[in-house]
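The values are calculated or read from the model by the stated rules, or taken from the named source; none is laboratory data. Values in this document were obtained by computation on a predicted structure and should not be read as measured data. Heads up, the Cβs are rebuilt from the backbone with ideal geometry, glycines too, and the neighbour counts pull from every protein chain shown.
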Amino acid sequence: MNRATTLTALLTAAAAITTIANPARAGDAKQTTFGRMPDGRAVAAVTLVNDRGVSATVIALGASLQSLVMPDRQGKREDVQIGYDSLEGYLAKPEFFGATVGRVANRIAKGRLSFNGHTYSTPVNNGPNSLHGGTKGFDKVLWEVTEVKNGPTASVTLRYVSPDGDMGYPGKLTTYATYSLDEKNQLTIEYRATTDKPTVVNISNHSYWNLAGVGSPRGAMGHIVLIPADRYTPTDATSIPTGRHASVEGTVFDFRKPTAIGERVRDARDPQIAYGRGYDHNWVIGDKVTSEQHLMARVVEPVSGRGYELWSNQPGLQFYSGNFFDGTITGKKGQIYRMGDAIVMEPQLFPDAPNQPNFPSIRLDPGQTYRNKMVYKLFTER
């Protein structure tokens with residue numbers, strides 16, 4: 001199925017979708033304090049609310065989506081983001097819940113990257129590799145809230161300045177993260193970054209979705225997923241891409257037709273599933289960053305009817321099926337998080353790109369602006 005065919009099918013399906021609740025009014029943004037860091041600094045929290053029963057709370061630690069509340073087909077509102085109810089959990093065992101991940105999202109092989117004629121090292125924190133920026137990536141720092149807006153599109157913008165040499169990466173990088181919620185039930189996350197010297201940048205969001213709602217015993221393996229990609233990037237046993245693209249045809253990675261995650265997530269006859277204990281791979285949506293957005297994924301939880309379409313300008317989608325939750329984390333509502341309790345969909349450039357000459361470049365030069373814009377188009381099916 002090509003992308004045009006997929007989009008046609010989705011538009012047909014959209015006719016059966018009921019948007020959430022009543023005519024639009026202006027949105028609201030309210031700032032509070034979520035807690036305090038060990039050094040006493042306040043952690044801001046901003047809650048965005050629209051008139052259709054949707055609200056999103058963003059905290060300044062990691063510029064993270066801490067909560068997203070939306071109704072089901074009966075109008076029952078539930079938080080669909082797993083994480084913690086208080087700051088203490090995010091400090092003690094962060095797990096990237098809802099976080100902005102960077103300066104380079106995903107993995108760098110052995111924590112070493114060849115770039116601009118030099119070799120740089122970044123801390124190893126995921127087996128033999130570096131993950132999501134190293135031991136103190138963007139998820140573990142306190143961002144500054146620079147702007148909060150009310151109106152038809154309520155929003156909050158946060159800023160973090162990563163100094164030259166931070167986690168081994170060259171250049172001072174100034175990054176802005178903007179979360180916005182409109183009356184069409186679109187949650188938009190946009191990242192922009194500039195640098196004072198050549199560097200590498202690949203920023204994404206690591207929200208964990210359980211559309212059944214926090215505390216639901218159903219978990220996320222019953223979610224129905226569509227990914228309009230003909231290819232994915234296989235990995236070695238440490239989750240580093242081999243450098244080639246493989247067809248999804250006839251494999252457990254074929255989500256070109258809506259498929260329940262749980263149907264094939266534990267099919268270890270495919271060694272790729274054994275490597276990642278499930279899905280933790282990059283799907284090839286395109287070959288470069290685009291000026292316009294395109295469909296990355298469509299996800300529906302069939303019991304509640306809650307769902308979203310994810311659109312972005314990025315060429316890659318990292319789909320992670322929550323494979324490493326092992327019952328050692330207690331989160332919201334006192335729930336113990338188990339394997340498959342939530343999923344992550346990260347629009348981004350490809351993993352280990354600085355060491356993969358055939359992958360799209362993640363280089364950023366002075367005078368350029370890095371941009372990753374992702375839109376979650378929330379809906380409820382009858």
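The conditions are (1) closer than 20 Å to Asp236 by Cβ; (2) assigned to a loop (DSSP other than H, G, I, E, B), and Asp287 fails exactly one of them. Which is it?
Of everything listed in (1) closer than 20 Å to Asp236 by Cβ; (2) assigned to a loop (DSSP other than H, G, I, E, B), Asp287 misses just condition (1).
Any residue in region 78-103 that is of a type in the set (A, V, I, L, M, F, W, C) sitting within a Cβ distance under 6 Å of a residue that is in a helix (DSSP H, G or I)? List the pairs, counting only those 6 or more apart or interchain.
Phe96/Asp139; Ala99/Asp139; Val101/Asp139
If you scan region 201-219, which residues turn out to be more than 13 Å from the chain's Cα centre (by Cα) and of a type in the set (A, V, I, L, M)?
Val201, Leu211, Ala212, Val214
Which one of these does Met339 not meet: (1) out of contact with any Asp or Glu (no Cβ under 8 Å at 6 or more places or on another chain); (2) of a type outside the set (S, T, N, Q); (3) at negative phi?
Every condition holds for Met339 apart from (1).
Restricting attention to region 215-232, does a residue exist that is of a type outside the set (Lys, Arg), touching a helix residue (DSSP H, G or I) at 6+ places or on another chain (Cβ under 6 Å) and at pLDDT below 95?
yes
Give me the strands (runs of 3 or more DSSP E) completely within region 88-189, filtered to those with at least 2 residues that are surrounded by 16 or more Cβ atoms within 10 Å (Cβ to Cβ) and out of contact with any Lys or Arg (no Cβ under 9 Å at 6 or more places or on another chain), ordered by residue number. Let's see the steps before the verdict.
On the way: elements: 99-101, 112-115, 118-121, 144-149, 153-162, 173-182.
Correct list: 99-101, 112-115, 153-162, 173-182.
For region 39-75, what are the residues that are without any contact (Cβ under 8 Å) to a residue 60 or more places away in the chain and in contact with a Ser or Thr (Cβ under 8 Å, 6 or more places away or on another chain)? Write out each step before concluding.
Narrowing region 39-75 to residues without any contact (Cβ under 8 Å) to a residue 60 or more places away in the chain: 39-40, 42, 45, 47, 53, 57, 59, 66-67, 69, 74-75.
If the condition is that a residue be without any contact (Cβ under 8 Å) to a residue 60 or more places away in the chain and in contact with a Ser or Thr (Cβ under 8 Å, 6 or more places away or on another chain), then Ala42, Ala45, Thr47, Thr57, Gln66, Ser67, Val69 are the ones that fit.
Those residues that are at pLDDT 95 or above, in a loop (DSSP other than H, G, I, E, B) and in contact with a strand residue (DSSP E or B) (Cβ under 7 Å, 6 or more places away or on another chain), I need them from region 24-81; list them, please.
Once the filter is applied, which keeps residues that are at pLDDT 95 or above, in a loop (DSSP other than H, G, I, E, B) and in contact with a strand residue (DSSP E or B) (Cβ under 7 Å, 6 or more places away or on another chain), region 24-81 yields Met37, Arg41, Asn50, Gly53, Val54, Ala60, Gly62, Ala63, Asp72, Arg73, Val80.
Does Tyr232 satisfy the criteria of being without any contact (Cβ under 8 Å) to a residue 60 or more places away in the chain, under 29 Å from Tyr370 (Cα atoms), touching a Phe, Trp or Tyr at 6+ places or on another chain (Cβ under 9 Å) and assigned to a strand (DSSP E or B)? Don't jump to the end; show me each part of the working.
Working: without any contact (Cβ under 8 Å) to a residue 60 or more places away in the chain: yes; under 29 Å from Tyr370 (Cα atoms): yes; touching a Phe, Trp or Tyr at 6+ places or on another chain (Cβ under 9 Å): yes; assigned to a strand (DSSP E or B): yes.
The answer is yes for Tyr232.
Between a first residue in region 257-280 that is on the phi > 0 side of the Ramachandran plot and a second residue that is of a type in the set (Gly, Ala, Ser) and part of a loop (DSSP other than H, G, I, E, B), which pairs have beta carbons less than 8 Å apart while being 6 or more apart in sequence or on different chains?
Gly278/Ser321; Gly278/Gly322; Gly278/Gly340
I need the full set of residues from region 220-259 which are among the small types (Gly, Ala, Ser), closer than 20 Å to Leu310 by Cα and over 19 Å from the mean Cα position of the chain (by Cα), in order please. Don't jump to the end; show me each part of the working.
Initial filter on region 220-259 (among the small types (Gly, Ala, Ser)): 220, 222, 229, 237, 239, 243, 246-247, 250.
From what's left, closer than 20 Å to Leu310 by Cα: 220, 222, 229.
Within region 220-259, just Gly222 meets the criteria.
So how many residues does region 260-284 have that are part of a loop (DSSP other than H, G, I, E, B), surrounded by fewer than 22 Cβ atoms within 10 Å (Cβ to Cβ) and of a type outside the set (A, V, I, L, M, F, W, C)?
Total satisfying the criteria: 6.
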